[in-house]
Each structure stands twice: as structure tokens, then as C-alpha cells.
1. Give me the extension gain from residue 184 to residue 21: residue separation times 0.36 nm, minus the current Cα-Cα distance, reported in nm with one decimal.
2. Report the longest stretch of the chain that contains none of the trypsin sites (Lys or Arg not before Pro) sitting in a DSSP loop with at most 14 other Cβ atoms within 10 Å.
3. How many nm is it between the label spots at residue 30 and residue 76, if each spot is 7 Å from the Cα in line with the beta carbon?
4. Decide, for the chain, between rounded, prolate and oblate: order the square roots of the alpha carbon gyration tensor eigenvalues as a ≥ b ≥ c, take rounded if a/c falls under 1.5, and otherwise choose prolate if a/b is larger than b/c, else oblate.
5. Among 61, 204, what is the fewest-to-most ranking by other Cβ atoms within 10 Å?
6. Averaged across orientations, what area in nm² does the convex hull of the alpha carbons in segment 123-268 project?
7. Output wanted: per-residue J couplings in Hz (rounded whole) for segment 77-85, from phi through Karplus 6.51 cos²θ - 1.76 cosθ + 1.60, θ = phi - 60°, x for Gly and Pro.
8. Under a 5 Å amide H to amide H cut-off, with H placed in plane at 1.01 Å, what residues pair with residue 113 once short-range neighbours are removed?
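Throughout, read-outs are computed from the coordinates displayed, never taken from laboratory work. Quick caveat: nothing in here was measured; it's all calculated off a predicted structure. Here Cβ is always computed from backbone atoms with ideal geometry, including for glycine, and neighbour counts include all displayed protein chains.
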Amino acid sequence: MTETFALDTIQKKLVEPATSAIPIHPQALLDLPPGEAKQSLLTVHSILEAKLPAGPLAVYEAGGGSTSFLPLGVLRRAHVTVVDIDEDQIRNNDYAQEAILGDLQTYRFPSQSFDLIICYNVIEHVPDVEAVLAGFSAALKQNGLLLIGAPNPKSLSGVVTKYSPHWFHIWFYRHIRGDKKAGLPGHAPFPTHFHPLVTLSNLEAFAAVHGLQVIYRRKYESPRYPEMRKRKPMLAALIDLAARTMNALLPGKIDMRHGDYHVMLRKL
Ligand SMILES: C[S@@+](CC[C@H](N)C(=O)[O-])C[C@H]1O[C@@H](n2cnc3c(N)ncnc32)[C@H](O)[C@@H]1O
């Protein structure tokens, strides 16, 4: 009798966490299609959980807009300060304790304020990335982490985004991605600049001379590819073919589908 009860309890425990567990993934991760982008973000999450200090955290979301890519376990114990230049993005932000309308290039915090700075899908929009990174470096505590997610300018999607006009980005979001609100106030896409420091090798060289150690870096297939394969299979097949041809023709082991990257830096 006791044994049966114990077994029932264990079985219940095995079943219950799946249904009643506290959510751990942010909606932004759940919305990603299965693929390399999601895998890399999960790796980033496990590094954050392992490397951030226990207890309350001071987090700065630079250009945070209204979406966070941080694991919920980190967000729950964090005091989040978001800085964004767009009034609508600030108004729509519902996860930050402090929301500041400001420009990352000039807005400054007291030195050693933050355990973690996240700048996700932002540096490609900023004209002076050097000023932004200098501000981040000063605002990080020693051993603090800086997570940057950005498009890879040396990829097929990076080249197209960099050299095409903003109206084309809006058209792509509306008609290929199916985002009816694209280009409306407070909605992506935002105008891009692609400062040279957006290129991962330049960013790493800058980090090396500014006391920031690379602890994770990964270029990965842009989530636009799996998204397109589902929504527009013919177009996706053509683009896949173009990428494969470029990969075969270009010298070195380049994958032109690697449209985005994650890099995590630690302040020494
Ligand atoms: C593509 S959105 C990314 C938002 C959010 N991080 C995400 O991944 O969903 C780019 C954000 O950067 C903000 N931004 C662009 N330039 C900025 C600047 N100079 N200072 C502050 N925010 C800026 C935009 O207003 C926008 O909210």
C-alpha cells in the first residue's frame, strides 16, 4: 500500500512539472522557428544562468524596445532598466522596472552599474557603435556580461539588408514575413546604418583592446530562412539555391546563410 502510494506520488511528480511548471522561456524565444537561432539562444540562456551572480541583478536592456530575449529566471530576479530612442517602444515596454527615453550613443550611467547589458537587434541601427560600446564598457561591473545579438553583414541577408532601401525592408516584413504592422510607429523594421563594428571580427578586435573577453560567439542561420521555408517555399528554395551557390564559389568556409550572430563578452 505504502509502495503504491509512493509510486503514485513519483509518477505525479514526473507528470506535473510539464503542466504546472513556472515558464522559463520568454515569448521571443518561443516565437523563434526551430533551428540554429533558437539553439544558439538556448545556449546563451544556459551561459547566463551559469555565469551571472546569484541573487538580485542589475540589467540594462539597451534599445530594449518592448521585447526581451532574456531567460525568465534572469528577468524575475533582475531590476531592468531599458533605454530606447523610440517613444512608442518605451510606452509598449511591460517588463522593465525603469524605462528611459534616450539615445544609447550619449546616455550614460554611473560606472560599474550593471551585472548584465543586453543589446539585441540594435547595433545595426546606430550610427556611432563605438560610442555605444564605450558606454556599455564603463557601465558594466567587473565580470559583468554584455550580450549582443546582431545581423552578420557578411551574409546574404546582411548584404541585402545593408544595401537595400528602407522601403524594401518594410515591403519584406509586410509581404514575405506577413507582418501587417511593419513600418508603423513603434514597429519593426527600424532604419539601419551598419557601422563597421557590426561586423563580428571588428567587434571582437574592439573588445580585445577594451578589456572585454569573448566568452561565447556563434554565427547562425537567420530565423528568416526556416520562417520563409514555411510561408513561401518557392522563394525559400530559390534563396537557398543562391546561398548554396555562393558558398561553393566563395573562398574559405563561409556560410552565406549565417545571417545573424550572438556574442557574449565579459568585462575583465
Ligand atoms: C529592431 S528593434 C529591437 C528591439 C528589441 N531589442 C528586440 O530585439 O525586439 C531596435 C530597437 O533599437 C532602438 N534604437 C535604435 N537606435 C537607437 C538609439 N540610438 N538609442 C536607443 N535606442 C535605439 C529602436 O527604437 C528599437 O526599439
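1. Length gained between residue 184 and residue 21: 55.0 nm.
2. Longest site-free region, per DSSP loop and neighbour criteria: 1-76.
3. 1.5 nm
4. oblate
5. With the fewest neighbours first, 61, 204 line up as 204, 61.
6. So the Cα hull casts an average projection of 9.7 nm².
7. 10, 10, 9, 9, 10, 10, 10, 8, 8
8. Placed amide hydrogens put 140, 141 under 5 Å from residue 113.
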